[in-house]
Protein chains: 2
Amino acid sequence: MNKESARDRILRVASELFYMEGIRAVGIDRIIKQSGVAKASFYRSFATKDDLTVAYLESRDELKVEKLEKLRRLYPGSPKEQLSALIRDVTEQMGTPNYRGCPFLNAAVEFPDPDHPAHVKLLDIQRSFWSRVLELAREGGARQPEELTAQLRMLYDGFVMKRYLDKSDLDPEYFRKAAELLLEKQLVPDNHQG
Amino acid sequence: MNKESARDRILRVASELFYMEGIRAVGIDRIIKQSGVAKASFYRSFATKDDLTVAYLESRDELKVEKLEKLRRLYPGSPKEQLSALIRDVTEQMGTPNYRGCPFLNAAVEFPDPDHPAHVKLLDIQRSFWSRVLELAREGGARQPEELTAQLRMLYDGFVMKRYLDKSDLDPEYFRKAAELLLEKQLVPDNHQG
DNA sequence: AATGATACAGACAGATCTGTCTCATGTCAA
DNA sequence: TTGACATGAGACAGATCTGTCTGTATCATT
């Protein structure tokens, strides 16, 4: 029965607030009050708000990476299945109530300065995630893995944004069909290639 | 030789700063200093910063609508050509140096509260733009115009975001090919339908 | 009981933000 | 020349932000 550490409690509260209302919009004081921690304790765990922001992005990334690894283990040795499962998974996940878009894309908008630590971190996270997908595309025998990955990424990020500001029940189905069309074009053994 | 009005000068300066650095990140004082206008004059033109923000979004929207109308006039009576031209156009536009993403998507992230005037405005702008595209898809005889429009929107918004944070020379080509694949599937007279 | 570590509570500094208000200056018409 | 008015310059109020610092309470160990 480990008591949750102050750092974890702060991070949990901050994650919720940052995601729901935006990072810039949420002040330190609110996080402190809501996590029931003293200001001094807060600054012992995180030297600056930027540090907390980076930790927030990292924790979000960990969840995403774990999910991907789980899917990979679920369909061992079958990259095509892994890709399809990934598409199904994000499609479902997008139905979550209180869905507020991609934490990394949002952070990129909030911190456009490419030298800002949060911006650096999120670029790194995005690069790393999509290079894993690229790996999948390669392993699956895509004709042009870079092209397929880039297109899936566009479609996915756009799905995320559309879903964020204009929820429609049909979106997930539209997304899935478009993604599978892209996959099909690149992964079929050897069909009518345009 | 009409002298530019104070309002126009403010709006021009604010547009540049808002787009390049984000709306929340740019203070009134900077806009005032850079547009060489007195604070009182500023507040005569725009009662609040929110008003200026909404005006900024409106002016961006006008440019976009004009562009679309121009394309429609360029290929009269041919919605398919208009759609293709739209895709080509955004593809080219995305190569602009200092490209910083879609002003409306960015604003949506900066003002997630759906009641915020800027959020209301940008939702309206987005809805209006994509209903025009839907019209095009209908006129062009798409099999499922809603589906095609939603998919094009996802692809486009994702292109915008990817382009924003990870510029790659190949993106425009990948986008164009994916968009045309979607178009093809929906607009060919009567081919192999999946 | 004494001590040291840790945490809460919150005052405080210093910066920055929006929006109001004052005042000096310039312009134009009568 | 004079009066009405618009404008630039900027002080100011009040709020809010991050981050520092002080003081007090709690708890484990000696």
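The values are calculated or read from the model by the stated rules, or taken from the named source; none is laboratory data. Keep in mind it's a predicted model, so treat the numbers as computed, not measured. Here the Cβ positions follow ideal geometry from the backbone for every residue, glycine too, while neighbour counts run over all protein chains shown. Note: accessible area is taken over every heavy atom of the protein model, side chains too, but ligands, DNA and RNA are not part of it. Shrake-Rupley method; radii C 1.70, N 1.55, O 1.52, S 1.80 Å.
On chain A, 50 percent of the accessible area sits on carbon and sulfur atoms, based on a 1.4 Å probe. Segment B:1-69 to segment B:138-165: how many Å between their Cα centroids? After rounding, the separation between the Cα centres reads 30 Å. Counting only Cα atoms, the size of the protein assembly as shown along its three principal axes is 74, 63, 34 Å, in decreasing order.
With R₀ set to 56 Å, the beta-carbon distance separating residue B:78 from residue B:16 gives a calculated FRET efficiency near 0.95. Placing a pseudo-label 7 Å from each Cα along the Cα-to-Cβ vector at residue B:38 and residue A:146 gives an inter-label distance of 5.8 nm.
Remark: mean inter-chain Cβ contacts per residue of A:108-115 equal 5, using a 10 Å Cβ-Cβ cutoff to other protein chain atoms. Assuming charge only on the beta carbon of Lys and Arg (+1) and of Asp and Glu (-1), the dipole of segment B:1-47 about its Cα centre is about 160 debye to the nearest 20. Counting only protein heavy atoms and using a 1.4 Å probe, the accessible area of residue A:131 comes to about 50 Å². Can you give me the accessible area per residue for segment B:1-47, using a 1.4 Å probe, in Å²? Spelled out: the 1.4 Å probe surface of segment B:1-47, per residue, equals 61 Å².
Taking a point 7 Å out from the Cα of residue B:89 in the direction of its Cβ, the residues of segment B:111-149 whose backbone N falls within less than 15 Å of it are B:129-137.
Note on residue B:121: lysines with a C-alpha under 28 Å away, same-chain residues under 8 apart excluded, are A:162, A:167, B:33, B:39, B:49, B:64, B:67, B:70, B:162. Computed from backbone phi with θ = phi - 60° and the Karplus coefficients 6.51, -1.76 and 1.60, the 3J(HN,Hα) list for segment A:66-78 is 4, 4, 4, 4, 4, 5, 5, 5, 5, 10, x, x, 10 Hz; x is used for glycine and proline.
Here each label is just a point 7 Å from Cα along the line to Cβ, and for residue B:169 and residue A:8 those points are 4.9 nm apart.
In chain A, the DSSP-assigned H stretches of four residues or longer account for a calculated mean residue ellipticity at 222 nm of -24000 deg cm²/dmol, using -39500 (n - 2.57) per stretch and the full residue count as denominator. Placing a label point 7 Å from the Cα of residue B:180 along the Cα-to-Cβ direction, the residues of segment B:43-85 whose backbone N falls under 12 Å from that point are B:84-85. Taking the Cα centre of segment B:60-187 as origin and assigning +1 to Lys and Arg Cβ atoms and -1 to Asp and Glu Cβ atoms, the resulting dipole is close to 280 debye. Simple point charges give the picture: +1 on the Cβ of Lys and Arg, -1 on the Cβ of Asp and Glu, and for the protein assembly as shown a dipole about the Cα centre of about 740 debye. What's log10 of I(q)/I(0) for chain A at q = 0.08 Å⁻¹, Debye sum over Cα points only, no solvent? The computed values of log10 I(q)/I(0) come out as -0.32.
Pairs of Cα atoms in segment A:1-47 fall into 5 Å distance bins, from 0 up to the last occupied one, in shares of 5, 24, 33, 23, 11, 3, 1 percent.
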